[in-house]
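S.K.: If you scroll down you'll find the structure; I have some questions about it.
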Amino acid sequence: MSLRYLPAIAVPVALGVAACGTGAVPPDDLEKSVAAELKTKIGVSPKKVDCPEGLDAETGAKATCVLTAPNGDRYDIELTATDVKGSDVNFTFKVGDTAK
């Protein structure tokens, strides 16, 4: 499956609010989770995932990351927090349809 046709993916992420103290999933945790899910779901490891900011631990919160595909094309990835329970944040992400 190519990155262009990737459906929204639900990803459970443990949020360490006490550890980071911000009430947000840290950018490096988002980057690792998104890259791992892409590899698991479609068998493609991105060259890089860059999340300039974290994802707030609030249902409906959004963040944008940038995925660099193996061929060098760059795509926006929209993340949306879907559920927050205690220190666990679940989110979905969708890779943009066109390269930047």
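The values are calculated or read from the model by the stated rules, or taken from the named source; none is laboratory data. Please read these numbers as outputs of a predicted model, since none were measured by experiment. Positions of Cβ are backbone-derived with ideal geometry, glycine not excepted, and every protein chain shown enters the neighbour counts.
S.K.: Go through the range 37-56 and report how many residues are part of a strand (DSSP E or B) and more than 12 Å from LEU79 (Cα to Cα).
M.R.: Summing the residues that are part of a strand (DSSP E or B) and more than 12 Å from LEU79 (Cα to Cα) in the range 37-56 gives 3.
S.K.: Residue by residue through the range 11-49, note down the ones that are modelled with pLDDT under 90, touching a helix residue (DSSP H, G or I) at 6+ places or on another chain (Cβ under 7 Å) and β-branched (Val, Ile, Thr).
M.R.: VAL11, VAL13, VAL44
S.K.: Now for a separate question. Restricting to the range 62-89, count the residues that are closer than 14 Å to VAL49 by Cα, in contact (Cβ under 8 Å) with a residue 24 or more places away in the chain and assigned to a loop (DSSP other than H, G, I, E, B).
M.R.: 4
S.K.: So, one more: Please work out which one of (1) over 15 Å from THR92 (Cα atoms); (2) modelled with pLDDT of 90 or more; (3) surrounded by 14 or more Cβ atoms within 10 Å (Cβ to Cβ); (4) not acidic (Asp, Glu) is the condition PRO52 fails and give its number.
M.R.: Exception for PRO52: condition (3).
S.K.: For the range 30-38, check the following and say yes or no: at least one residue is crowded, with 17+ Cβ neighbours inside 10 Å and among the polar types (S, T, N, Q).
M.R.: yes
S.K.: Still on this structure: Of everything in the range 62-100, what is at pLDDT 90 or above, within 15 Å of GLY23 (Cα to Cα) and of a type in the set (A, V, I, L, M)? Give them in sequence order.
M.R.: ALA63, ALA81
S.K.: Now, a different point. So is THR59 assigned to a strand (DSSP E or B) and either buried (at least 16 other Cβ atoms within 10 Å of the Cβ) or modelled with pLDDT of 90 or more (or both) or not?
M.R.: The answer is no for THR59.
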